[in-house]
Amino acid sequence: MTPDVKETGADSALPCPVFVIQSSLEKLSKQTGCSVRQVQRWFRRRRNHERPSKLKKFREASWRFTFYLLAFFAGLATLIDKPWFYDMKLMWEHFPKMPLLSCQYWYYMIELGFYLSLVFSVASDVKRKDFKEQIIHHAATIFLLCFSWLVNYIRGGTLIMLVHDASDYLMESAKMFNYAGWRRTCNFIFTLFAAVFIVTRLIILPFWIMHTTWVYPLTLYPPFFGFYFFNGLMIVLLCLHIFWAGLILRMVIKFLPGNDIVEDERSDKDETETEDEDNDRERRERSKNGHVQNGHTPLNNNRSKTD
């Protein structure tokens, strides 16, 4: 009912909305017979009640960590003995008449089932600031899996899935330690995740895999609709990776100078009573020092007349 308001000292010709909210709180205080502090606390607790708890976030991170870890090792077991894992140009050998291996079949089915479940469970999952980007990522991944299956780009599809699974389980484990309060462990794992994410998704994916699916095939076959559609989806994923890399670097920079813990840039923070007490203390200090005008304390003109 009352929006989150941050008191800033920015210059503005408009009146600060804090005074408007304060007057509304005073009216509600008179109507309910409660103090302004109690009314503020009620609204705050209601907002926090609608936000997901740490336990729910921990449960979500736990099951995703379990899947990503198992999926990574499953993909590694699928590709470790394949020649195109070491020389990616061999993924086009005997194309399009390439045999489908049982390990490739199950790897595809598991990954496709997982991403379909994310689409159906999006309403109950923890909402984050990059909600739209997540939906685009899930849709692009599902189309990519289905289309690569139909046109027999299976070798390239397994390589793409392995690259994505290589860093996701590290991110989920960092979240788990974050919610559990293990700060140093969280920071260490998150740093490792950032390094693996950048290497796999911003170096290996565009300069190795995408080069093999986009540039090298033109020397073997004439391009067709599937060629452009497949690589178009790859570009969409790459753009999302660049966007997320920016968020990851922002979080890394935050704790490098000495901050205690990494906060997920995509998550909303819960308001606590300690934060409220700090805000009240700041307001009291402000009232003692005088009103703030345009971000600066007005000068005291009551000088002693000794000049």
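Table: residues versus (1) at pLDDT 90 or above; (2) in a helix (DSSP H, G or I); (3) within 30 Å of P99 (Cβ to Cβ).
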{"position": "K132", "(1), (2), (3)": "no, yes, no"}
{"position": "I135", "(1), (2), (3)": "no, yes, no"}
{"position": "G157", "(1), (2), (3)": "yes, yes, yes"}
{"position": "H164", "(1), (2), (3)": "yes, yes, yes"}
{"position": "F177", "(1), (2), (3)": "yes, yes, no"}
{"position": "F197", "(1), (2), (3)": "yes, yes, no"}
{"position": "L205", "(1), (2), (3)": "yes, yes, yes"}
| request: Starting from the stretch 52-69, keep only residues that are charged (D, E, K, R), then list their pairs with residues that are assigned to a helix (DSSP H, G or I) and open to solvent by less than 50 Å² (accessible area, probe 1.4 Å) whose Cβ atoms are within a distance under 6 Å, requiring at least 6 positions of separation or different chains. | output: K54/Y179; K57/Y179; R64/E172
| note | Here the residues within the stretch 75-84 that are assigned to a helix (DSSP H, G or I) and either more than 10 Å from L162 (Cα to Cα) or open to solvent by 40 Å² or more (accessible area, probe 1.4 Å) (or both) are L76, A77, P83, W84
| request: Could you tell me whether V151 is touching a helix residue (DSSP H, G or I) at 6+ places or on another chain (Cβ under 7 Å), β-branched (V, I, T), under 16 Å from E60 (Cα atoms) and modelled with pLDDT under 90? | output: no
| note | Over the stretch 135-172, the set of residues among the hydroxyl-bearing types (S, T, Y), under 12 Å from Y68 (Cβ atoms) and open to solvent by 10 Å² or more (accessible area, probe 1.4 Å) is Y169
| Taking the stretch 192-221, which residues are free of Cβ contacts under 8 Å to residues at least 24 places away in the same chain and of a type in the set (V, I, T)? | V199, I203, V215, T219
| said: Residues to consider are F131, F190; find the one that is within 18 Å of K57 (Cα to Cα), among the hydrophobic types (A, V, I, L, M, F, W, C) and open to solvent by less than 20 Å² (accessible area, probe 1.4 Å). | reply: F190
| remark: How many residues of the stretch 106-130 are in contact with a helix residue (DSSP H, G or I) (Cβ under 7 Å, 6 or more places away or on another chain) and modelled with pLDDT of 80 or more? The answer is 10
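The values are calculated or read from the model by the stated rules, or taken from the named source; none is laboratory data. A quick note: this is a predicted structure, and the numbers were derived from the prediction, not measured. All Cβ positions, glycine included, derive from the backbone under ideal geometry; neighbour counts span all protein chains shown. Just the protein is used for accessible areas: all its heavy atoms, side chains included, with ligands, DNA and RNA removed. Shrake-Rupley method; radii C 1.70, N 1.55, O 1.52, S 1.80 Å.
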